[in-house]
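Visitor: One structure, pasted below without further comment.
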Amino acid sequence: MSRSTVFTRYLLRPLWRVCWRLLLVLSLLMGLLVLGLKYVDPPVWSWLLWREVTRPAGYPDTYRHAWVDLEQIPLSVRLAVVASEDQRFPLHGGLDFQSIQHALNDALEGKGLRGASTLTQQTAKNLFLWPGRDWVRKGLEVPLALMMEGVLGKPRILELYLNIVEFAPGVYGVGAASEYWYQQPVNTLTADQAARLAVVLPNPWLYSAQPPSAYVRQRADWVRQQMRQLGEDWVTALD
């Protein structure tokens, strides 16, 4: 028996079996976690835990969060976030291959590699994964996003995202963000206030919804324009 045959039979094959079993266990665990989110609002999530453990400079001693059911979140808030973060949210199945292709084309043309994550992928990252742009995290993000689309559906994914995403250091979800930035409940926000909240999402540690910088003001005007073009049916149809 050759050395290569011995290596394959006694080392590689057992190793592959272990890897497949680990992958199966991981898949089952991920599936159970996603299924649980269909019925239970998460009391904690990975992004919150990461912030609490690492506590970067400027993070408050106590975080803010208040869960708000989707039907209590104004359509303008939902539409503003979709218009700003993922306009193809109603159309894709968790991964936006059109945006991925555009991002790859830009990279090949030397324009730099820009993000193409959907709201579903961002929700998966905030719920289960960790900050950063490493390939391991991206690899886990994909099956989680696909599972979430199949199990939870668009309305629940949007509800989860709007309730766990960070709008300012230690301020999670639109309920807490509305009180933090505007000192008023989320169901009283105007379309302009909703647009400014959506604008801070790419970097809530840098951008301010109130008072808005010139950039936030300009970007919010663009979001308002996109909201008018998309129309409220773009999010009401998700139901």
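Visitor: Has segment 104-114 got at least one residue that is among the acidic types (D, E) and modelled with pLDDT of 90 or more? Outline the logic, then answer.
Guide: The initial filter retains those residues of segment 104-114 that are among the acidic types (D, E), namely 106, 109.
Checking which are modelled with pLDDT of 90 or more leaves us with none.
Taking every residue of segment 104-114 in turn, none turns out to be among the acidic types (D, E) and modelled with pLDDT of 90 or more.
Visitor: So, one more: Just to be sure before I move on: is S46 of a type in the set (S, T, Y), modelled with pLDDT of 90 or more and within 21 Å of R137 (Cα to Cα) in the structure I sent?
Guide: Values: of a type in the set (S, T, Y): yes; modelled with pLDDT of 90 or more: yes; within 21 Å of R137 (Cα to Cα): yes.
Spelling it out, S46 is indeed of a type in the set (S, T, Y), modelled with pLDDT of 90 or more and within 21 Å of R137 (Cα to Cα).
Visitor: Also, quick follow-up: Using the structure shown, decide if E159 is in contact (Cβ under 8 Å) with a residue 24 or more places away in the chain and crowded, with 17+ Cβ neighbours inside 10 Å. Can you show your working first?
Guide: Values: in contact (Cβ under 8 Å) with a residue 24 or more places away in the chain: yes; crowded, with 17+ Cβ neighbours inside 10 Å: yes.
Against the criterion (in contact (Cβ under 8 Å) with a residue 24 or more places away in the chain and crowded, with 17+ Cβ neighbours inside 10 Å), E159 qualifies.
Visitor: With the checklist (1) farther than 21 Å from Q87 by Cα; (2) assigned to a loop (DSSP other than H, G, I, E, B); (3) not polar (S, T, N, Q) in hand, flag the one item D239 doesn't pass.
Guide: The one condition D239 does not meet is (1).
Visitor: Further, regarding this structure: For the list (1) over 28 Å from P56 (Cβ atoms); (2) assigned to a helix (DSSP H, G or I); (3) not acidic (D, E), I need the number of the one condition that Q193 fails.
Guide: Looking at each condition in turn, Q193 falls short on (1).
Visitor: Within segment 192-209, work out how many residues are over 20 Å from the mean Cα position of the chain (by Cα) and either modelled with pLDDT under 95 or buried (at least 18 other Cβ atoms within 10 Å of the Cβ) (or both).
Guide: 1
Visitor: Of all the residues that make up segment 23-72, how many are surrounded by fewer than 10 Cβ atoms within 10 Å (Cβ to Cβ) and either of a type in the set (F, W, Y) or touching a Cys at 6+ places or on another chain (Cβ under 9 Å) (or both)?
Guide: Qualifying residue count for the region: 1.
Visitor: Only one of E179, E166 is closer than 25 Å to P56 by Cα, surrounded by fewer than 19 Cβ atoms within 10 Å (Cβ to Cβ) and of a type in the set (D, E, K, R). Can you tell me which? Break it down stepwise before answering.
Guide: Values: E166 fails: surrounded by fewer than 19 Cβ atoms within 10 Å (Cβ to Cβ).
Step by step, each of E179, E166 is checked, and only E179 is closer than 25 Å to P56 by Cα, surrounded by fewer than 19 Cβ atoms within 10 Å (Cβ to Cβ) and of a type in the set (D, E, K, R).
Visitor: Oh, and also: Pairs needed: first member in segment 36-65, touching a residue at least 12 places away in the same chain (Cβ under 8 Å); second member anywhere, among the hydroxyl-bearing types (S, T, Y); C-beta distance under 7 Å; at least 6 residues apart or different chains.
Guide: Correct list of pairs: L48/Y63; L48/Y172; R51/Y59; Y63/Y172; R64/Y172; R64/Y180; H65/Y172.
The values are calculated or read from the model by the stated rules, or taken from the named source; none is laboratory data. Quick caveat, the model's predicted, so the values are computed rather than measured. So basically every Cβ, Gly included, is an ideal-geometry build from the backbone, and we count neighbours across all protein chains shown.
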